[in-house]
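The values are calculated or read from the model by the stated rules, or taken from the named source; none is laboratory data. Remember, it's a predicted structure, so these values are computed and weren't measured experimentally. Cβ coordinates were reconstructed from backbone atoms using ideal geometry, including for glycine residues, and neighbour counts include every protein chain displayed. Note: accessible area is taken over every heavy atom of the protein model, side chains too, but ligands, DNA and RNA are not part of it. Shrake-Rupley method; radii C 1.70, N 1.55, O 1.52, S 1.80 Å.
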Amino acid sequence: MGGRQGFGHVLPLTAAPPFAEPWEGKAFALALLSIRAAGVLAPAFRYALERVPPGDYLASYYHRWLIASQIMLADSGVLSAEQVAARAARMTGADQAEPEAPELHKPQMPSGGPGNLRTVDTPPAFAVGDRVRTADLHARGHTRLPGYVRRRTGTVTAIRPAAIFPDSAALFEGENPQHCYAVEFDSRELWGAGAEPFRLSIDLYEPYLERVT
């Protein structure tokens, strides 16, 4: 998951229902509503998922979605952890006062229509066929640059539509739209000479790349 090791093989799709239990469908709907209520786009939700405590993260797929929704709403000042705890206590019959509401500070990002797609005034820095090297990036928050492709060399195979920059949007630092490229890597460039030979294509944003001369 997310380029991390130790989670085993990806399970193949089956004809089973998408939600094993009714609560999972509700968790899915609540997550989508929370994204809208928090005034954010997908990068902020991904960043919230990355900050789910390990025990909750590994509990189940949709459990982590619920916890991530709470984190994201807290980031935007829509709902505090204290409010959630108080509500849970009252549901068990405890006489729990309602905590003071947090200060609302959610971003106002456009939603619907083109979604994450944006226009960029400057032309793309790279063209199809260019050799590029990925940055040695140590992000303080969210990034879409997987660890296993950092400091690796590949070839631009396509120019994708420009989009909001997840590294900025996830931290409420603005959309900062950037050009995006499909970059193809040889598996042995990523994992060494003993790797199974194949080509891997990853969509990467322009700030992640530098030209190989």
Selected residue (only one of 46, 64 is open to solvent by less than 60 Å² (accessible area, probe 1.4 Å) and either under 16 Å from residue 171 (Cα atoms) or within 15 Å of the chain's Cα centre (by Cα) (or both)): 64
Pairs, first over 19 Å from residue 105 (Cα atoms) and without any contact (Cβ under 8 Å) to a residue 40 or more places away in the chain in segment 151-177, second in a helix (DSSP H, G or I) and open to solvent by 20 Å² or more (accessible area, probe 1.4 Å), C-beta under 6 Å, six or more apart: 152/189
Candidate set: segment 145-158, residues that are within 20 Å of residue 124 (Cα to Cα) and touching a strand residue (DSSP E or B) at 6+ places or on another chain (Cβ under 6 Å); chosen: the one surrounded by the fewest Cβ atoms within 10 Å (Cβ to Cβ): 158
Selection count, segment 112-164, where residues are among the β-branched types (Val, Ile, Thr), at pLDDT below 95 and either farther than 22 Å from residue 44 by Cα or outside any loop (DSSP other than H, G, I, E, B) (or both): 1
From the options 125, 139, 163, residue that is open to solvent by less than 40 Å² (accessible area, probe 1.4 Å) and either closer than 13 Å to residue 181 by Cβ or in contact with an Asp or Glu (Cβ under 9 Å, 6 or more places away or on another chain) (or both): 163
First in segment 70-99 and not assigned by TED's automatic domain parsing to the domain that holds residue 32 and open to solvent by 20 Å² or more (accessible area, probe 1.4 Å), second anywhere and at pLDDT 90 or above and part of a loop (DSSP other than H, G, I, E, B), Cβ under 8 Å, 6 or more apart: 99/80
In segment 169-212, the residues that are open to solvent by less than 70 Å² (accessible area, probe 1.4 Å), of a type in the set (A, V, I, L, M) and over 14 Å from residue 134 (Cβ atoms): 169, 170, 171, 195
Among the candidates 51, 36, residue that is at pLDDT 90 or above and charged (D, E, K, R): 51
Given (1) more than 24 Å from residue 72 (Cα to Cα); (2) in contact (Cβ under 8 Å) with a residue 40 or more places away in the chain, number of the condition residue 185 does not satisfy: (2)
Selected residue (only one of 154, 115 is closer than 30 Å to residue 71 by Cα and outside the structural domain of residue 46 (by TED's automatic domain parsing)): 115
